[in-house]
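The values are calculated or read from the model by the stated rules, or taken from the named source; none is laboratory data. This structure is a prediction, so every number in the text was calculated from the model and none was measured. All Cβ positions, glycine included, derive from the backbone under ideal geometry; neighbour counts span all protein chains shown. Each accessible area value is taken on the protein alone, full model and side chains, heavy atoms only, with ligands, DNA and RNA left out. Shrake-Rupley method; radii C 1.70, N 1.55, O 1.52, S 1.80 Å.
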Amino acid sequence: RKAKLFPPVPPLSFLHSFWSDGEQTPESRTFPSAAFCRPAMEINDGEEEEEFEFSRNYFLAKELGGSSKKSGRKISDIDPVDEQELRTAANNLEPKHEREVASLMESYKASYPEWGFMLRTGFGLLMYGFGSKKALIEDFASTSLTEYSVVVINGYVQSINLKQVMVAIAEVWWDQLKAKRRNSPSQAQQPFNSRSIDDLLAFMDGQEADDDKSFVCIIVNNIDGPGLREPESQHLLARIASCTHIRIIASIDHVNAPLLWDKKMVHTQFNWYWYHVPTFAPYVVEGVFFPLILAHSSTAQSAKTAAIVLQSLTPNAQSVFRVLAEYQLSHPDVEGMPIESLYAASRERFLVSSQVTLNSHLTEFKDHELVRTRRNADGQDCVYIPLANDGLQKLLPEINP
């Protein structure tokens, strides 16, 4: 574009003598000559012609482009491959820059004391940045939050029952209170499963603790995941995070994730303290739960997928899953393993210490869609693995013994 050629600005002495002449003010006087403005007006007319020409050419190009022949190719014409084959090929991809990623993850450990301090002062930690932050957050919890109870919610799972999550949090908080009051008689509590959501929130927000430093830490991997994107889920999570004895650590990966919350949720309920922690780590576990575009859709979860998910769980959780898998293989005709039997077998192997611990494992299994529940003919609640026997046999060697 051509540069604008404005006339030279008259000297200040000229303007002063012009305005000081007589009683008139600058607003009531007209400029002595219109010659100063005429060249600029001519240039503006030229610019308007250029803009008109540009607009006309734009619409002409759009008209010609719309009349061109369109491609008849469709995604449905692509012959999709088997999902297991495609996932195997994706898992065999050689990772790159492993040393740099490990060095970056190690550098974040210097921030652990600051993160713990922010939690104790009442803030919620929100981790954002490219790469999976699951391993980073869980490493922080296992090294810096050992004196607190931790509950993990995986938002990348397709469906999550937040009521069951709240029950698990309330049970963990109640166990923590009983541990602090060993010498004082504990009051009988109504079973948390039969309580309403408001009652559970009131219990977690109560003043039962002797000090304000006690709390339960909730880790939400991918709080913007498909299982938690509904407004009702986000509002319920915000109410949980605002409870006195709850602290929350969450991660986001979607660029529009902040649009899930309003001002009150961000600054009052969640009370986020944002941390930019790009890890550049692959989304191995998170990607298992997302359907592949070029693969056949499958409703049954493969043994390989279950093995990848189990690797992200604790050794005790894997062992409990193994107990259930062995029972299912040895009893192929039953509808599932009764939860009481699973608790007895797990307690006998010193895998769980209480029914609460087993329930937390089962909740995690359900969130990952590793197990399902149903009632048998005797009316007992049973749990089973939705895999065929041949799939379970392939899965057993990969489970922690």
Subject >> Given (1) open to solvent by less than 30 Å² (accessible area, probe 1.4 Å); (2) free of Cβ contacts under 8 Å to residues at least 60 places away in the same chain; (3) under 28 Å from residue 155 (Cβ atoms), number of the condition residue 373 does not satisfy >> reply: (1)
Original post:
Where residues in the stretch 344-369 are part of a loop (DSSP other than H, G, I, E, B) and at pLDDT below 85, which of them is farthest from residue 178 (Cα to Cα)?
Top reply: 369
Original post:
From the list 138, 114, which residue is over 26 Å from residue 202 (Cβ atoms) and under 19 Å from the mean Cα position of the chain (by Cα)?
Top reply: 138
**OP:** Name, by its number, the condition in (1) of a type in the set (A, V, I, L, M, F, W, C); (2) open to solvent by 20 Å² or more (accessible area, probe 1.4 Å); (3) not in a helix (DSSP H, G or I) that does not hold for residue 104.
**Re:** (3)
**OP:** Identify all residues within the stretch 138-166 that are without any contact (Cβ under 8 Å) to a residue 60 or more places away in the chain and either open to solvent by less than 30 Å² (accessible area, probe 1.4 Å) or not in a helix (DSSP H, G or I) (or both); write none if there are none.
**Re:** 146, 147
**OP:** Report, ordered by the first and then the second residue, all pairs with beta carbons closer than 8 Å, sequence separation of six or more or different chains, a first member in the stretch 322-348 that is more than 14 Å from residue 371 (Cβ to Cβ), and a second member that is open to solvent by 80 Å² or more (accessible area, probe 1.4 Å) and outside any helix (DSSP H, G or I).
**Re:** 347/353
**OP:** Could you give me the residue pairs with C-beta distances under 6 Å whose first residue belongs to the stretch 249-275 and is touching a residue at least 12 places away in the same chain (Cβ under 8 Å), whose second residue is open to solvent by 80 Å² or more (accessible area, probe 1.4 Å) wherever it lies, and which are 6+ apart or on separate chains?
**Re:** 252/128
Subject >> Flag for residue 308 being closer than 14 Å to residue 91 by Cα, at pLDDT below 75 and hydrophobic (A, V, I, L, M, F, W, C) >> reply: yes
**OP:** Would you check if there is a residue in the stretch 242-259 being open to solvent by less than 20 Å² (accessible area, probe 1.4 Å), within 14 Å of the chain's Cα centre (by Cα) and among the polar types (S, T, N, Q)?
**Re:** yes
**OP:** Among the numbered conditions (1) under 27 Å from residue 156 (Cβ atoms); (2) open to solvent by less than 50 Å² (accessible area, probe 1.4 Å); (3) more than 30 Å from the chain's Cα centre (by Cα), tell me where residue 397 comes up short.
**Re:** (2)
Subject >> Breaking point among (1) under 27 Å from residue 221 (Cβ atoms); (2) surrounded by fewer than 16 Cβ atoms within 10 Å (Cβ to Cβ); (3) not aliphatic (A, V, I, L, M), for residue 331 >> reply: (1)
**OP:** Quickly run through the stretch 379-401 and pick out the residues that are in a loop (DSSP other than H, G, I, E, B) and in contact with a helix residue (DSSP H, G or I) (Cβ under 8 Å, 6 or more places away or on another chain).
**Re:** 380, 385, 387, 399, 400, 401
Original post:
Within the stretch 167-193, which residues are surrounded by 17 or more Cβ atoms within 10 Å (Cβ to Cβ) and at pLDDT 85 or above?
Top reply: 167, 168, 169, 170, 171, 172, 173, 174
Subject >> Any chance residue 312 is touching a helix residue (DSSP H, G or I) at 6+ places or on another chain (Cβ under 8 Å) and within 17 Å of residue 399 (Cα to Cα) >> reply: yes
